[in-house]
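Asker: Sending over a structure as structure tokens; questions will come in a sec.
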């Protein structure tokens, strides 16, 4: 079942009276505590179970650690068939992220258990520090995180497996979020908006995950452009797709050169959201769309190609963000630009030593054909700059160097505008995606100086992620610009309790949250 089919509702009945297959309450483990602490809702349920849950905490059977799941079968004692105590650990450290991951872990474990009607009565604010403290988690943020986490946990990419239809039986055909209305100052419409925002963010992220997980024989450049068109048709956006003749007329030497070795044609998909039609310009989101990267003539090793279907994760992120933006409707104009091609070797391939002219007129000396992403982004950014779009945010699986620098925890952030970088970091923190600002000092420009062109394509191994960003900086024009290098965060190589192996959909929620905040502060 697609998560879009999930019946997601707010309810206000006491948790003891909710008829469901699984009633989920929470327990925390505050820093320094010797045992788990039940939430207020869990204590209410426990009063009907003669102290069963508290006794399990005292015995250490329920520890309250983040992601811990303990099931109690209580036939006839409650309206629910079973009670699940979900551990949330120390919510003071990173409440929304902890809650999101715990709910994803819960959904994954319920996936094949046949629980069709699931009620979350987590009441996490009762496990929080005093309201107003820097670590406190608001009810609205908690509701959004619960929905996001649960829908992330339900995600499976199994369309190409010949399995029994019940093998991936989806938990939670009905997901009920219990809120005691007498205990909150928020009205029902405000609470419902938080739930809906969580759903929108999660479904947009899962849309991006689907794109990245598709095999490269299915998600060709033409197919990616077609899906951009379909996205636009579905969510009432405008879409234009440029093909080779238009690229030649515009002088897009980078995108055209990278595409020459492939039998697949290149495309530049341009998707537009008009939230402030009376205003000129607007935000530009640029996503790298290399649907398969062999390295070109600078051929990768066989092992180095195994995950290269995911070299279009930047494109997936900006398209996913556009889906969320179209549904959240910020008062802001947003344009997504997705340059897409394969990078393949044949007799027509571009070569080390070539000099390419990008759309803005600058020339690049080619050093390594496996550094192709910056070339197609350069043309797309030049297009955005020519249209007067600002800020420009590009997203790309650009360098292996960012994995060496930051591993798989932080996305690398580079920017020519301190205010923009601060806004992006704040948006990432709000949705649980970590960004780390790296330098772009002028001294790094020395590494990409060329004797025969305006710049060299690469600056060598030292500070490779920084010099790649320095190349991109040449094509931002006068715009405020930021670059997100997601090479380390777009994909996980092995399953985790809260996520299956494969695409993460990173940056979708950060970009959508940024757009919402940018509209509110710059509108």
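Asker: Please pick out the residue among 283, 299, 332, 255 that is within 21 Å of residue 457 (Cβ to Cβ) and under 27 Å from the mean Cα position of the chain (by Cα).
Answerer: Among 283, 299, 332, 255, only 255 is within 21 Å of residue 457 (Cβ to Cβ) and under 27 Å from the mean Cα position of the chain (by Cα).
Here's the yes/no breakdown for (1) in contact with a strand residue (DSSP E or B) (Cβ under 7 Å, 6 or more places away or on another chain); (2) within 24 Å of residue 473 (Cβ to Cβ):
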site: 309; (1), (2): yes, no
site: 324; (1), (2): no, no
site: 327; (1), (2): no, no
site: 338; (1), (2): yes, yes
site: 353; (1), (2): no, yes
site: 360; (1), (2): no, yes
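Asker: Name the one entry in 104, 27 that is crowded, with 18+ Cβ neighbours inside 10 Å and part of a strand (DSSP E or B). Spell out the reasoning first.
Answerer: Values: 104 fails: part of a strand (DSSP E or B).
Within the list 104, 27, the selection yields 27.
Asker: Among the listed residues 8, 86, 53, identify the single one that is surrounded by 21 or more Cβ atoms within 10 Å (Cβ to Cβ) and within 26 Å of residue 190 (Cα to Cα).
Answerer: 86
Asker: So residue 251 clears everything in (1) within 16 Å of residue 337 (Cα to Cα); (2) touching a residue at least 24 places away in the same chain (Cβ under 8 Å) except one condition, right? Which one?
Answerer: Unmet for residue 251, out of (1) within 16 Å of residue 337 (Cα to Cα); (2) touching a residue at least 24 places away in the same chain (Cβ under 8 Å): (1).
Asker: Yes or no: the range 409-423 includes at least one residue that is under 30 Å from residue 244 (Cα atoms), assigned by TED's automatic domain parsing to the domain that holds residue 240 and not in a strand (DSSP E or B).
Answerer: no
Asker: Among the residues of the range 68-80, is there at least one that is outside any loop (DSSP other than H, G, I, E, B) and touching a residue at least 60 places away in the same chain (Cβ under 8 Å)?
Answerer: Narrowing the range 68-80 to residues outside any loop (DSSP other than H, G, I, E, B): 69-73.
Right, trim to touching a residue at least 60 places away in the same chain (Cβ under 8 Å) and you get none.
No, the range 68-80 has no match at all.
Yes/no matrix, rows are residues, columns are (1) modelled with pLDDT under 95; (2) under 15 Å from residue 450 (Cα atoms); (3) not in a loop (DSSP other than H, G, I, E, B):
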position: 346; (1), (2), (3): no, no, no
position: 349; (1), (2), (3): no, no, no
position: 356; (1), (2), (3): no, yes, yes
position: 361; (1), (2), (3): no, no, no
position: 364; (1), (2), (3): no, yes, yes
position: 368; (1), (2), (3): no, yes, no
position: 371; (1), (2), (3): no, no, no
position: 375; (1), (2), (3): no, no, yes
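Asker: Something else now. Provide a single number: the residues in the range 490-499 that are in contact with a strand residue (DSSP E or B) (Cβ under 7 Å, 6 or more places away or on another chain) and either assigned by TED's automatic domain parsing to the domain that holds residue 153 or part of a loop (DSSP other than H, G, I, E, B) (or both).
Answerer: Number satisfying all stated conditions: 1.
Asker: Considering only the range 475-489, I want to know if a residue exists there that is surrounded by fewer than 18 Cβ atoms within 10 Å (Cβ to Cβ), free of Cβ contacts under 8 Å to residues at least 60 places away in the same chain and outside any helix (DSSP H, G or I).
Answerer: No, the range 475-489 contains no residue that is surrounded by fewer than 18 Cβ atoms within 10 Å (Cβ to Cβ), free of Cβ contacts under 8 Å to residues at least 60 places away in the same chain and outside any helix (DSSP H, G or I).
Asker: Being touching a helix residue (DSSP H, G or I) at 6+ places or on another chain (Cβ under 7 Å), surrounded by fewer than 22 Cβ atoms within 10 Å (Cβ to Cβ) and touching a residue at least 60 places away in the same chain (Cβ under 8 Å): is that true of residue 463 here?
Answerer: The answer is yes for residue 463.
Asker: Only one of (1) within 30 Å of the chain's Cα centre (by Cα); (2) in a helix (DSSP H, G or I); (3) over 15 Å from residue 411 (Cβ atoms) is not met by residue 465, so which one is it?
Answerer: If we test residue 465 against (1) within 30 Å of the chain's Cα centre (by Cα); (2) in a helix (DSSP H, G or I); (3) over 15 Å from residue 411 (Cβ atoms), just (3) comes out false.
Asker: Could you check how many residues of the range 303-344 are part of a loop (DSSP other than H, G, I, E, B) and modelled with pLDDT of 95 or more?
Answerer: Here the count works out to 7.
Asker: What is the number of the single condition among (1) buried (at least 19 other Cβ atoms within 10 Å of the Cβ); (2) part of a helix (DSSP H, G or I) that residue 445 does not meet?
Answerer: (1)
Asker: Does at least one position in the range 341-358 carry a residue that is within 25 Å of residue 447 (Cβ to Cβ), without any contact (Cβ under 8 Å) to a residue 40 or more places away in the chain and out of contact with any helix residue (DSSP H, G or I) (no Cβ under 7 Å at 6 or more places or on another chain)?
Answerer: Scanning the range 341-358 turns up at least one residue that is within 25 Å of residue 447 (Cβ to Cβ), without any contact (Cβ under 8 Å) to a residue 40 or more places away in the chain and out of contact with any helix residue (DSSP H, G or I) (no Cβ under 7 Å at 6 or more places or on another chain).
Asker: Ok, one more. Under 30 Å from residue 188 (Cα atoms), in a strand (DSSP E or B) and in contact (Cβ under 8 Å) with a residue 40 or more places away in the chain: is that true of residue 45 in this structure?
Answerer: Answer is no for this residue.
Asker: Could you please find all residues in the range 371-401 being surrounded by fewer than 21 Cβ atoms within 10 Å (Cβ to Cβ) and over 16 Å from residue 284 (Cβ atoms)?
Answerer: Matches in the range 371-401: 400, 401.
Asker: Can you tell me which residues in the range 271-282 are out of contact with any helix residue (DSSP H, G or I) (no Cβ under 6 Å at 6 or more places or on another chain) and surrounded by 22 or more Cβ atoms within 10 Å (Cβ to Cβ)? Spell out the reasoning first.
Answerer: Filtering the range 271-282 down to residues out of contact with any helix residue (DSSP H, G or I) (no Cβ under 6 Å at 6 or more places or on another chain) leaves 272, 274-282.
Scanning the range 271-282 gives a single hit, 282.
Asker: Now a separate question. I'd like the residue in the range 426-442 that is touching a residue at least 60 places away in the same chain (Cβ under 8 Å) and part of a helix (DSSP H, G or I) and, out of all such residues, is surrounded by the fewest Cβ atoms within 10 Å (Cβ to Cβ).
Answerer: 426
Asker: If a residue has to be in a helix (DSSP H, G or I), in contact with a strand residue (DSSP E or B) (Cβ under 9 Å, 6 or more places away or on another chain) and crowded, with 21+ Cβ neighbours inside 10 Å to count, how many in the range 200-220 make the cut? Walk me through how you get there before you give the answer.
Answerer: To start, the set of residues in the range 200-220 that are in a helix (DSSP H, G or I) comprises 200-213.
Applying the additional criterion that residues be in contact with a strand residue (DSSP E or B) (Cβ under 9 Å, 6 or more places away or on another chain) yields 208-213.
Add one more test, that the residue is crowded, with 21+ Cβ neighbours inside 10 Å, and what stays is 208-209, 211-213.
Qualifying residue count for the region: 5.
Asker: Restricting to the range 502-523, give me the number of residues that are farther than 24 Å from residue 146 by Cβ and not in a helix (DSSP H, G or I).
Answerer: So the answer is 1.
The values are calculated or read from the model by the stated rules, or taken from the named source; none is laboratory data. Bear in mind the structure is a predicted one, so any value in this text is a computation, not a measurement. Note: ideal-geometry Cβ built from the backbone for every residue, glycine included; neighbour counts use all protein chains shown.
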